[in-house]
Amino acid sequence: MGGEQLMRMIVAAWAKSDLQPLLAALHDDVVWKTGSRHPGGPFSFKGDYANRAGILDVLSNIAKDYTFHRMTPIEIVEGPEVVWGLFDVTLSYDPKGRGLAPKTMQMEWVLHWRLKDGKIIEHQAFFDTAYLLMQQGAQP
């Protein structure tokens, strides 16, 4: 399966809260780089995560506050052992236990994957973190 087809399949499943295709496509030596790079930042997911245990950790941190509802591909570009995707995303922000009402938000999200042996060896997400915080109700 090519990188574009792999990304389309995984993102379609992710939008239905099905992470099995993603987990099955991870290389044993995978590194996951989050869209929030600052260790002291406002998100529960930040920095780099390695191997399956690390990926499960970051995915559980994301799931604490966010549920993805729709990830519509705008453009997916594949090269040798790399794939980039730009997506229109609808998600909910529902920080459990913080007394805040859930909010539905939209944003564009870019995924960059490096592939090795047909599996994802590096994942990196890019999005406008300030815009996401503003939609969540954080002050600019």
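We did not get these values from a lab; they are worked out from the coordinates using the rules stated. Note that the structure is predicted; figures quoted are calculated from it, not measured. Here the Cβ positions follow ideal geometry from the backbone for every residue, glycine too, while neighbour counts run over all protein chains shown.
In debye to the nearest 20, how big a dipole does region 22-83 give about its Cα centre with +1 on each Lys and Arg Cβ and -1 on each Asp and Glu Cβ?
Rounded to the nearest 20 debye, it is 340 debye.
What does the charge count near residue 67 come to, summing +1 for each Lys or Arg and -1 for each Asp or Glu among other residues with Cβ under 14 Å from its Cβ?
Every neighbour counted, the sum reads +2.
Mind pulling the per residue volume of the convex hull built on the Cα atoms of the chain? Å³ is fine.
Value for the chain: 104 Å³ per residue.
Under a point-charge model restricted to the Cβ atoms of Lys and Arg (+1) and Asp and Glu (-1), what is the dipole moment magnitude of the chain relative to its Cα centre, in debye to the nearest 20?
Once rounded to the nearest 20, the dipole reads 480 debye.
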